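*Asks:* Okay, here's the structure, questions in a sec.
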Amino acid sequence: MKTLLAMPECPMLVSATSAHREMPELPAWDDATLRRYASGGDSYCCYPTPGAFRSDFGEPDLEAALARSNRHGRPLALYVHLPFCRKICFYCDRSKVATKLTRLADPYISRLDREMVLARRHLDTGREIEQLYWGGGTPTFLSLDQMSDLIDRLDARFGLSGSRDRDYAIEVDPREADVFTLRHLQALGFNRLSLGVQDLDPKVQRAVNRVQPRILTEALIDEADRLGFRSLNLDLIAGLPGQTCDSFAATLEQIIAMAPPRLRVIDYVHQPQHFPVQRCIQAEALPDTAERLAILRTTVAQLTAAGYVHLGLDQFARPEDSLAIAQRQGRLARGLQGYSDRPTDDLLGLGVSAYSRIDDTYSRNPFDLAAYETALDASHLPVAQGLRLTFDDRVRRHAIERLLCDMALDLDAVGEHFDLDATRYFAEALRRLEAPLRDGLVERQGNRLLVTPLGRLRAACLAHAFDARHSPPPGEPAPSPA
């Protein structure tokens, strides 16, 4: 039976939203449906997804892709992975190096520079870098001098942009940054920040080994606003040990008071078999399915009541934010770093575990730091896996990206773009969407698919219907891993 989100079961939700007399339209809520279309799978930041990458894709394939990219003359973006963390968070699923010694990053920066030198041999360096993203790990683990050194090397090798329209972003750990850090980052050319918060409840913070007083986050948000950073995002994680509907509602209430322009509420996926550090989290300490759904219901209701737009998946933004504007104008993009208000450029990933999207290929560097270093020391671009897209891959990637960005898909427009009968081409995908259609996650109006508000919560499941490399259809149980 479907209920309305405006009728919360969580007591904290009432207090958090009671000041709003007019509740926005909220999705009909159906726990059984949301259980059936479980989250935690691919979020389709790329298609084909990394599970389809092949180990026989290597350095020559990337070099050829860089040459094709030069001929097309598309803008070039850079991603730099900085894996260092002073402390390891127990939920982490990224490639990281735990150390308290900042000087240990110096050899890594030198290796990054070696990778830049090898890559630029195959690049037209007249292509200005309009987009730059530093991720981790903890990029703000670096000292201010190391940050300056790395920026200088990037500029020397590629030519960084001084344009006001550039999009230079960095992930910031409020425990590893202060107002002087933000001023330095601005001087280096960064104009967009993403702050990791995860949860403000001290009990939850202790359970995941990330104690982060609220005042640290508030101070950085205030300073970022004062300095005029173009955009600021906060990351939260739902489903952590010790979280309840009430506790997460309290966190959201505090976050809303900070008024960040963007928010990501990431669904924690517990995979200790793949990420050993997650073994520090006891499965019985995690909220059960019913509690996680209550947290999700609370999240959507509170943020919607506070004026945020649910763009889809885990992303929320204020209506005046550039992401929300881009979605309204039909130009929202989705790439390896998630949603963007810019077209998806060719992206070169630098560093251990970094992903690249060059021309019609995807590739990634080794997850293992030693393997990454060995390749560079032998003067090889450190390509571990990759894939060159087929025509079918490109058609499906376009359809998936438009579905996840527009929360709608115009099959006629796809057909015109690729000169094919999209309804016939996607006959199997439309068959796989029959269950979501019945369950109210998506509507069909002629040759146009519209994702419903409830469907935005499970948009990745809808995108899965267009994924020819994975099964089963959305709404059906996946086989257990071998």
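The values are calculated or read from the model by the stated rules, or taken from the named source; none is laboratory data. Quick caveat, the model's predicted, so the values are computed rather than measured. Neighbour counts are summed over all protein chains in view; Cβ atoms, including those assigned to glycine, are modelled from backbone coordinates with ideal geometry. The accessibility values were calculated without ligands, DNA or RNA, using every heavy atom of the protein model including side chains. Shrake-Rupley method; radii C 1.70, N 1.55, O 1.52, S 1.80 Å.
*Asks:* Sequence gap at least 6, Cα distance under 8 Å: using those rules, report the relative contact order of the chain to the nearest whole percent. Please report the intermediate quantities before stating the final value.
*Replies:* Details: 843 pairs, mean separation 97.7, N = 482.
Answer for the chain is 20 percent.
*Asks:* With a 1.4 Å probe and all protein chains in place, put ARG364, ARG206, ARG431 in order of accessible area, largest first.
*Replies:* Numbers: ARG364 30, ARG206 155, ARG431 110 Å².
Largest accessible area first, the list is ARG206, ARG431, ARG364.
*Asks:* Calculate how many DSSP beta bridges within the chain are antiparallel, expressed in % of all such bridges and rounded to the nearest 5. Spell out each step's value before the answer.
*Replies:* Numbers: 28 of 63 bridges.
Antiparallel: roughly 45 percent of the beta bridges in the chain.
*Asks:* Using θ = phi - 60° and the Karplus curve 6.51 cos²θ - 1.76 cosθ + 1.60, what whole-Hz ³J(HN,Hα) does each residue of the stretch 100-115 get, with Gly and Pro shown as x?
*Replies:* 9, 9, 4, 5, 5, 7, 4, x, 5, 4, 5, 5, 4, 5, 5, 5
*Asks:* Name the residues whose placed amide hydrogens come within less than 5 Å of the amide hydrogen of ASP267, ignoring near sequence neighbours (fewer than 5 apart) on the same chain.
*Replies:* Residues meeting the criterion, in which the H sits 1.01 Å from N, are ALA238.
*Asks:* Continuing with this model, one more query. With r as the distance between the Cβ atoms of LEU104 and SER148 and R0 = 22 Å, compute the FRET efficiency 1/(1 + (r/R0)^6) and round to 0.05.
*Replies:* Working: r = 18 Å, r/R0 = 0.81.
Taking R0 as 22 Å, the efficiency between SER148 and LEU104 is 0.80.
*Asks:* Quick one: Kirkwood hydrodynamic radius for the stretch 257-379, alpha-carbon pairs, angstrom, one decimal?
*Replies:* Working: mean 1/r = 0.0560 Å⁻¹.
Across the stretch 257-379, the inverse of the average 1/r is 17.9 Å.
*Asks:* A further question follows. Expressed as a rounded percentage, what relative contact order does the stretch 226-319 have, with Cα pairs under 8 Å and six or more residues apart?
*Replies:* Details: 112 pairs, mean separation 34.7, N = 94.
Reported relative contact order: 37 percent.
*Asks:* Obtain the nm distance between the two label points defined at ASP31 and LEU437 by a simple spin-label model: each point lies 7 Å from its Cα along the Cα-to-C-beta direction.
*Replies:* Each label point lies 7 Å from its Cα, and together they span 3.0 nm.
*Asks:* Another question, then. Given a 1.4 Å probe, how much area per residue of the chain is accessible, in Å²?
*Replies:* That works out to 43 Å² for each residue.
*Asks:* Of ILE237, CYS280, CYS45, which is farthest on the positive side of the dipole of the chain, counting Cα position, with +1 on Lys and Arg Cβ, -1 on Asp and Glu Cβ, and the Cα centre as origin?
*Replies:* With unit charges placed on the Cβ atoms, the residue in question is CYS280.
*Asks:* Also, quick follow-up: Need one number for the stretch 20-178: average projected area of the convex hull over its C-alpha atoms, nm².
*Replies:* Average projection, Cα convex hull of the stretch 20-178: 15.3 nm².
*Asks:* P(r) of the stretch 177-256 in 10 Å steps, Cα pairs, percent per bin?
*Replies:* 17, 46, 26, 10, 0
*Asks:* How charged is the neighbourhood of THR99? Take every other residue with its Cβ under 14 Å from the Cβ of THR99, and add Lys/Arg as +1 and Asp/Glu as -1. It would help to have the intermediate numbers written out before the result.
*Replies:* Numbers: positive: ARG86, LYS87, LYS96, LYS100, ARG103; negative: ASP106, GLU176.
Net charge around THR99: +3.
*Asks:* Counting only GluC sites (Glu not before Pro) that are in a DSSP loop and have at most 16 other C-beta atoms within 10 Å, tell me the longest site-free stretch of the chain. Before the final figure, lay out the partial values.
*Replies:* On the way: sites that count: GLU9, GLU22, GLU25, GLU128, GLU320.
That gives 129-319 as the longest site-free run.
*Asks:* Separate question: Under 16 Å Cα to Cα from LYS96, which aspartates and glutamates show up? Leave out anything in the same chain fewer than 8 places away.
*Replies:* Answer for LYS96, where 16 Å is the Cα cut-off: ASP106, GLU171, ASP173, GLU176, ASP368, GLU373, listed by chain and number.
*Asks:* Further question: For the stretch 45-84, what Kirkwood radius comes out of the mean inverse Cα-Cα distance, in Å? Numbers along the way, then the final one.
*Replies:* Working: mean 1/r = 0.0791 Å⁻¹.
That comes to 12.6 Å for the stretch 45-84.
*Asks:* Sticking with this one: For the chain, report the translational diffusion coefficient in µm²/s to the nearest whole number, using Stokes-Einstein at 25 °C, 0.890 mPa s, and a Kirkwood Rh over Cα pairs.
*Replies:* On the way: Rh = 23.4 Å.
In µm²/s, the coefficient rounds to 105.
*Asks:* Please give the Cα centre distance for the stretch 398-449 versus the stretch 239-295, rounded to the nearest Å.
*Replies:* Distance between centres, Cα-based: 32 Å.
*Asks:* Also, quick follow-up: Separation of the stretch 307-330 and the stretch 113-179 by C-alpha centroid, Å?
*Replies:* That distance is 27 Å.
*Asks:* In vacuo Debye scattering of the stretch 142-228, one point per C-alpha: log10 I(q)/I(0) at q = 0.12, 0.19 Å⁻¹?
*Replies:* -0.43, -0.89
*Asks:* Still on this structure, please answer the following. Show that you can apply the helix-only estimate: for the chain, add -39,500 (n - 2.57) for every DSSP H stretch of four or more residues, divide by all residues, and state [θ] at 222 nm to the nearest 500.
*Replies:* Values: 19 runs with 184 residues, N = 482.
So the calculated ellipticity at 222 nm is -11000 deg cm²/dmol.
*Asks:* Scattering from the C-alpha atoms of the stretch 359-482 alone, worked out with Debye: what is log10 I(q)/I(0) at q = 0.10, 0.18 1/Å?
*Replies:* -0.42, -0.94
*Asks:* Using the per-residue mean of other Cβ atoms lying within 10 Å as a proxy for protection, in what order, highest first, do the peptides 384-393, 292-301 fall? Display every interim value, and only then the final one.
*Replies:* On the way: 384-393: 16.8, 292-301: 23.2.
For the peptides 384-393, 292-301, the packing ranking is 292-301, 384-393.
*Asks:* Hey, any idea what Rg/Rh is for the stretch 221-318, computing Rh the Kirkwood way over Cα pairs?
*Replies:* Working: Rg = 14.9 Å, Rh = 14.6 Å.
Reported Rg/Rh, Kirkwood definition of Rh: 1.02.
*Asks:* Please state the equivalent ellipsoid semi-axes for the stretch 342-425: what are the square roots of 5 times the Cα gyration tensor eigenvalues, largest first, in whole Å? Before the final figure, lay out each step's value.
*Replies:* On the way: eigenvalues 239, 31, 18 Å².
Ellipsoid semi-axes (Å, largest first): 35, 12, 9.
*Asks:* Can you list the HN-Hα couplings for the stretch 330-345, worked out from phi with the Karplus curve (6.51, -1.76, 1.60; θ = phi - 60°), rounded to whole Hz and with x for Gly and Pro?
*Replies:* x, 10, 5, 10, 9, x, 5, 9, x, 6, 8, 8, 10, x, 6, 7
*Asks:* Taking 0.36 nm per intervening residue step and subtracting the Cα-Cα distance, what contour gain separates ARG394 from VAL117 on full extension? Each step should come with its number before you reach the end.
*Replies:* Numbers: separation 277, 0.36 × 277 = 99.72 nm, distance 3.03 nm.
Stretched out fully, the ARG394 to VAL117 stretch lengthens by 96.7 nm.
*Asks:* Also: How about the stretch 57-103: which trypsin sites (Lys or Arg not before Pro) there are in a DSSP loop, with at most 12 other Cβ atoms within 10 Å of their Cβ? Don't skip to the end; give the middle numbers.
*Replies:* Numbers: sites: ARG68, ARG71, ARG86, LYS87, ARG94, LYS96, LYS100, ARG103; in loops: ARG86, LYS87, ARG94, LYS96, LYS100.
Answer by residue number: LYS100.
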